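Okay, so here's the structure we're looking at.
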Amino acid sequence: MLKSYLRHRMADRKVDDVLDVMKMAGVSRNSVNKLFRDKGVETMKIETLMRICDALECDLSQLVEYKPDSKTKS
């Protein structure tokens, strides 16, 4: 499972709207909404995540975090 920290990075950069992130990164609104709502992050392309990281001047680890599913632990 991937956990999104887009809202935190937006607050750090004083970016108020997903439209601003979309324009800054040159990515689709759907992609930014996935991160913003923290739903469907697993289906995003790494290229898209990197573009958002570049726009928000952050590392990938500051934007998303991988947390193993408790179901898969055995």
- Query: Pick from E42, E47: which is open to solvent by 70 Å² or more (accessible area, probe 1.4 Å) and in contact (Cβ under 8 Å) with a residue 24 or more places away in the chain?
  - Reply: E42
- Query: Looking at M1, is it touching a Pro at 6+ places or on another chain (Cβ under 8 Å) and either open to solvent by 50 Å² or more (accessible area, probe 1.4 Å) or at pLDDT below 95 (or both)?
  - Reply: yes
- Residues of the stretch 23-37 satisfying the condition of being touching a strand residue (DSSP E or B) at 6+ places or on another chain (Cβ under 9 Å) and open to solvent by less than 50 Å² (accessible area, probe 1.4 Å): L35
- Message: Quick test of your reading of the structure: D20 fulfils all but one of (1) in contact (Cβ under 8 Å) with a residue 40 or more places away in the chain; (2) open to solvent by less than 100 Å² (accessible area, probe 1.4 Å); (3) in a helix (DSSP H, G or I). Name the failing condition by number.
- Response: (1)
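The values are calculated or read from the model by the stated rules, or taken from the named source; none is laboratory data. Bear in mind the structure is a predicted one, so any value in this text is a computation, not a measurement. Note that we place each Cβ from the backbone using ideal geometry, even for glycine, and neighbour counts take in every protein chain shown. Calculation scope for accessible area: heavy atoms of the full protein, side chains included, ligands and nucleic acids excluded. Shrake-Rupley method; radii C 1.70, N 1.55, O 1.52, S 1.80 Å.
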